[in-house]
1. Between Asn64 and Leu186, what is the spin-label point distance in nm, taking each point 7 Å from the Cα along the Cα→C-beta axis?
2. If you take the charge dipole of the stretch 13-141 about its Cα centre, with +1 on Lys and Arg Cβ and -1 on Asp and Glu Cβ, which of Ile13, Ser111, Ser72 is farthest toward its positive end?
3. Stretch Leu74-Ala137 to full length: gain in nm at 0.36 nm per residue minus the Cα-Cα span?
4. Counting each DSSP H run of 4 or more residues in the chain as -39500 (n - 2.57), what helix-only mean residue ellipticity at 222 nm follows after dividing by all residues, to the nearest 500 deg cm²/dmol?
5. State, as an integer percentage, the relative contact order of the chain based on alpha-carbon contacts under 8 Å between residues 6 or more apart.
6. Ordering His98, His91 by accessible area with a probe of 1.4 Å, largest first, what comes out?
7. Can you bin every Cα-Cα distance in the stretch 114-245 into 5 Å intervals starting at zero and give me the percent of pairs per bin, rounded to whole numbers?
8. Taking a probe of 1.4 angstrom, what is the accessible area of Trp171 in Å², to the nearest 10?
Amino acid sequence: MLIRPGDESALAIGQLSHSWLAGQLARAWGNERFGGVDPREEIVLGAEQHDIGWALFDLEPRFNPDTGLPRSFLELTVDDHLAIWRDAPDHLLTQSLHAALVVSMHGSSLSELRAAGRPDDAEHVRDHIDAEHARQAALRERLGVSEAQAERTRRQMWTWDGLSLALCHGWRPFVARDVPTATGELVDVSLADDDTLDPWPFAAERVEVRCEARRLAARYDDQPAMLEGFAAAPVETVRFVLSRA
């Protein structure tokens with residue numbers, strides 16, 4: 001769950017809706033400088049579904065007594081993290097092996113990030129990292145995908161995820177680091193306060209994306225009250241229009 005608190009209310013965006021927005025970015029991605037997405041539909045599917053492990057978890061969010069709101073994805077315990085990510089690629093194995101590879105690479109990258117940022121969790125996530133690396137090697141072999149091709153896709157996915165999180169959270173300005181280009185060069189892509197991007201990574205001159213959010217009260221007293229409010233919350237569409245800087 002992505003939580004965007006405000007003075008009078010809060011927006012709750014499900015991880016899969018954020019993931020859907022990332023997929024829209026992936027589908028629009030690519031131009032002469034940044035190259036394309038290959039294979040496009042399979043990788044776009046993986047981007048749209050990269051948080052599929054959250055599907056049931058987000059239906060009954062955990063309560064944060066400090067904020068009075070659902071816990072965000074930034075407040076996951078290591079056990080929750082592993083429960084969400086350990087089997088996530090399995091949900092796509094009978095749909096698209098490429099998409100499953102995208103999910104696996106993203107999950108192991110998040111575990112590596114957690115291990116680096118939270119040393120106390122490093123031992124707990126090591127088995128997950130190793131298991132996903134083994135899964136990725138097997139999938140690459142079946143698909144005939146090189147490590148370099150997979151790494152390009154992993155970095156693209158990291159970019160779409162970061163830009164989607166920035167849009168949904170209102171993080172401005174935001175910089176997506178080490179974005180792969182057509183030549184293999186890695187560049188930074190900046191998202192400004194007016195939702196312009198520099199350099200511009202899309203084929204079209206204007207890209208509109210959207211997600212769904214629930215409008216919550218600014219605060220709840222306890223878990224039952226929060227879940228009741230969450231279930232009854234009105235759903236609204238949140239739109240973003242991206243353009244060239």
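1. For Asn64 paired with Leu186, the spin-label model returns 2.9 nm.
2. Most positive-ward Cα: Ile13.
3. Numbers: separation 63, 0.36 × 63 = 22.68 nm, distance 2.88 nm.
Additional length available on full extension: 19.8 nm.
4. Working: 7 runs with 107 residues, N = 245.
Dividing the helical sum by the residues of the chain leaves -14500 deg cm²/dmol.
5. For the chain, the relative contact order is 27 percent.
6. Working: His98 35, His91 115 Å².
Final ranking, largest accessible area leading: His91, His98.
7. 2, 8, 12, 13, 14, 13, 16, 13, 6, 2, 0
8. Using a 1.4 Å probe on the heavy atoms, I get roughly 90 Å².
The values are calculated or read from the model by the stated rules, or taken from the named source; none is laboratory data. Model, not experiment: these values are computed from the prediction. Backbone-built Cβ (ideal geometry, glycine too); neighbour counts: all protein chains shown. Note: accessible area is taken over every heavy atom of the protein model, side chains too, but ligands, DNA and RNA are not part of it. Shrake-Rupley method; radii C 1.70, N 1.55, O 1.52, S 1.80 Å.
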